[in-house]
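The values are calculated or read from the model by the stated rules, or taken from the named source; none is laboratory data. Since we're looking at a predicted model, the values are computed, not measured. Here Cβ is always computed from backbone atoms with ideal geometry, including for glycine, and neighbour counts include all displayed protein chains.
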Amino acid sequence: MGWLAGFFDGEGSVCLTIRPSAAKNGGPKVQPQAMLGSTDTAALDKAHDILARADIGHHISWQRPHGVAKNGNAYREAWSIKMVGLKRAKAFLSWVMPVLATKQERAALALIYIASREMHTDFRTPITEYEWSLAMKMKELNSRTTQHFSAVKLNTERPGASHEALSSNGMKGAVARWGNRN
């Protein structure tokens with residue numbers, strides 16, 4: 001774990017990805033994410049092996065950049081490992097946070113956001129003002145320049161029937177959502 005924590009501290013990132021109107025209720029969607037990447041395939045193999053042994057879910061992707069560097073050489077193919085979403089980001093950040101050096105504040109902030117989201121009984125619950133402030137704080141921590149945010153309106157209405165309502169009347173799937181269309 002020590003090697004991976006050091007690698008993550010140097011080459012990784014922690015963020016709360018914001019999509020302004022992606023939620024089903026038309027409000028913003030905020031998704032926790034931890035990512036690391038490089039062009040060294042030996043580092044990929046080692047990182048993947050460590051994460052697999054720790055039973056931490058992750059996704060590996062490759063990017064094949066176009067063009068050439070200033071020296072005329074083609075850019076190298078790069079890989080990234082992502083832990084995206086409440087469960088995967090929480091598992092990874094909880095596991096690695098005690099030994100982080102430079103990303104500990106960001107990891108703690110992401111875990112606070114995740115804990116706040118997990119307190120809701122329905123995953124469709126719109127994000128709260130507090131959760132939005134955490135996302136803005138993360139954006140500030142990750143920024144190298146002054147941020148200029150466009151206004152985002154938080155929608156507090158939950159989309160569709162709640163999980164509790166669907167469970168109480170026994171309706172599931174399309175019938176519960178759109179009614180019987182015979």
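Would you mention how many residues in the stretch 92-122 are in contact (Cβ under 8 Å) with a residue 12 or more places away in the chain, of a type in the set (Gly, Ala, Ser) and under 26 Å from Gly2 (Cβ atoms)?
Of all residues in the stretch 92-122, those in contact (Cβ under 8 Å) with a residue 12 or more places away in the chain come to 92-97, 99-103, 105-107, 109-114, 116-118, 121-122.
Still in the running and of a type in the set (Gly, Ala, Ser): 94, 101, 107, 110, 116.
When the remaining residues are screened for being under 26 Å from Gly2 (Cβ atoms), the result is 94, 101, 107, 110.
The qualifying residues number 4.
Okay, residues lined up against (1) at pLDDT below 85; (2) at negative phi; (3) aliphatic (A, V, I, L, M):
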position	(1), (2), (3)
Arg106	no, yes, no
Ala110	no, yes, yes
Thr128	no, yes, no
Leu134	no, yes, yes
Leu141	no, yes, yes
Thr145	yes, yes, no
Asn155	yes, yes, no
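Spot the failing condition for Asp9; the list is (1) among the charged types (D, E, K, R); (2) free of Cβ contacts under 8 Å to residues at least 40 places away in the same chain; (3) within 30 Å of Ser116 (Cα to Cα); (4) surrounded by 12 or more Cβ atoms within 10 Å (Cβ to Cβ), and only one is missed.
Failing condition for Asp9: (2).
Determine whether Ala89 is touching a helix residue (DSSP H, G or I) at 6+ places or on another chain (Cβ under 7 Å) and among the small types (Gly, Ala, Ser).
On the way: touching a helix residue (DSSP H, G or I) at 6+ places or on another chain (Cβ under 7 Å): yes; among the small types (Gly, Ala, Ser): yes.
The answer is yes for Ala89.
Limited to the stretch 95-113, what total is found for residues that are in contact with a Ser or Thr (Cβ under 9 Å, 6 or more places away or on another chain) and in a helix (DSSP H, G or I)? Write out each step before concluding.
To start, the set of residues in the stretch 95-113 that are in contact with a Ser or Thr (Cβ under 9 Å, 6 or more places away or on another chain) comprises 103, 106-107, 111.
With the extra rule that they be in a helix (DSSP H, G or I), the set shrinks to 106-107, 111.
Number of matching residues: 3.
How about the stretch 123-136: which of its residues are surrounded by 15 or more Cβ atoms within 10 Å (Cβ to Cβ) and either in contact with a helix residue (DSSP H, G or I) (Cβ under 6 Å, 6 or more places away or on another chain) or free of Cβ contacts under 8 Å to residues at least 12 places away in the same chain (or both)?
Those that are surrounded by 15 or more Cβ atoms within 10 Å (Cβ to Cβ) and either in contact with a helix residue (DSSP H, G or I) (Cβ under 6 Å, 6 or more places away or on another chain) or free of Cβ contacts under 8 Å to residues at least 12 places away in the same chain (or both): Glu131, Leu134.
Can you name the residue in the stretch 30-89 that is of a type in the set (Gly, Ala, Ser) and assigned to a strand (DSSP E or B) and, of all such residues, is surrounded by the most Cβ atoms within 10 Å (Cβ to Cβ)? So that I can check it myself, show each step before the final result.
Just the residues of the stretch 30-89 that are of a type in the set (Gly, Ala, Ser), to begin with: 34, 37-38, 42-43, 47, 52, 54, 57, 61, 67, 69, 72, 74, 78, 80, 85, 89.
Within this subset, residues satisfying the condition of being assigned to a strand (DSSP E or B) are 34, 37-38, 61, 74, 78, 80.
Working: Ala34: 26, Gly37: 20, Ser38: 18, Ser61: 11, Ala74: 11, Ala78: 15, Ser80: 18.
Once the filter is applied, the top-ranked residue is Ala34.
Restricting the search to the stretch 1-32, which residues are under 22 Å from Ala47 (Cβ atoms) and modelled with pLDDT under 85?
Once the filter is applied, which keeps residues that are under 22 Å from Ala47 (Cβ atoms) and modelled with pLDDT under 85, the stretch 1-32 yields only Met1.
Please work out if Phe92 is under 18 Å from Gly12 (Cα atoms), among the aromatic types (Phe, Trp, Tyr) and not in a strand (DSSP E or B). Talk me through it step by step, then tell me what you get.
On the way: under 18 Å from Gly12 (Cα atoms): yes; among the aromatic types (Phe, Trp, Tyr): yes; not in a strand (DSSP E or B): yes.
For Phe92, the condition - under 18 Å from Gly12 (Cα atoms), among the aromatic types (Phe, Trp, Tyr) and not in a strand (DSSP E or B) - is met.
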